[in-house]
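I have placed the structure first, in the form of structure tokens, so that the comments after it can refer back to it.
We did not get these values from a lab; they are worked out from the coordinates using the rules stated. Everything numeric in this text was worked out from a predicted model, so none of it was measured. Ideal geometry is used to build each Cβ from the backbone, glycine not excepted, and the neighbour counts take in all protein chains shown.
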Amino acid sequence: MLSDAASLWLPQAKKIPSPNWNERPADSTIDLLVIHGISLPPGKFGGPWIHALFQNRLDPQADPYFATIAGLRVSSHLLIRRSGELVQYVDLYKRAWHAGASHFEGRTGCNDFSIGIELEGTDQIPYTDRQYAVLAETAHQLMRYFPKIGTDRIVGHCHIAPGRKTDPGPAFDWQRFFTLLAAVQIPRKKTGYEPEGS
Ligand SMILES: [Zn+2]
């Protein structure tokens, strides 16, 4: 059960708030982690454009691709850049708009009950070592906050929106990720990730 007052921003993440979120349904249990891949423009890394997209200030003139997506109202809870930098756009208790039309084990609208993590990348270019390391640590942390997220409830956007979405793509090595996740040992002191009030 989520309290109205609850708010959860990861202490180690750079906070760049997006206006693109709303409340989860009152009976939501957060029990799914969705991994995505994104780069703007596609295949170009390091620019300010992902932040701009999630903050509704993408300049449609800046790249031909941007004109096709500039009107979207989307977000993700988290982004892991190529460098491993972790960015948080939306309070984890709130509903970010990352999954779109989607389904998981008979439930539709995965935004209601999931947390979305974007990896800066493409379907075809290998993700970086730092991204795998930070993703494994962050997933571990999220599983501590939200114990209903088991390893069988960590999926790609491609899995919940098949035929419509392909990210994080063949470039994402699931085996490598799950091996790293199983090996994560984070001292609580390092990230201070006990939920407030616990
Ligand atoms: Zn996606």
Among E23, E85, E105, determine the one that fluctuates most according to a GNM of the chain built with springs between C-alpha atoms less than 10 Å apart. E105
Tell me, in nm to one decimal, what length is gained between A67 and A133 on full extension, where the rule is 0.36 nm per residue of separation less the Cα-Cα distance? 20.4 nm
List the longest stretch of the chain that has no exposed loop site; here a site is one of the trypsin sites (Lys or Arg not before Pro) assigned by DSSP to anything other than H, G, I, E or B, with at most 15 other Cβ within 10 Å. 74-147
Rounded to whole angstrom, the alpha-carbon centroid of region 138-175 lies from that of region 25-92 at a distance of 16 Å
Which residues does a label at W174 reach in region 119-159, if reach means a backbone N under 11 Å from a point 7 Å past the Cα toward the Cβ? 152-159
For the chain, build the charge dipole from Cβ charges (+1 Lys, Arg; -1 Asp, Glu) around the Cα centre, then report which of A96, T29, H77 sits farthest towards its positive end. H77
How large is the charge dipole for the chain, taken about the Cα centre, if only the Cβ atoms of Lys, Arg (+1) and Asp, Glu (-1) carry charge, to the nearest 20 debye? 260 debye
Exposure-ranked with fewest Cβ neighbours within 10 Å first, S75, S39 stand as S39, S75
Where does the chain land at 222 nm, in deg cm²/dmol rounded to the nearest 500, when only DSSP H runs of n ≥ 4 count, each adding -39500 (n - 2.57), divided by all residues? -6000 deg cm²/dmol
Pop the C-beta distance of R57 and T108 into the FRET formula with R0 = 30 Å and round what comes out to the nearest 0.05. 0.50
Quick one: work out the % antiparallel among DSSP beta bridges in the chain, nearest 5. 30 percent
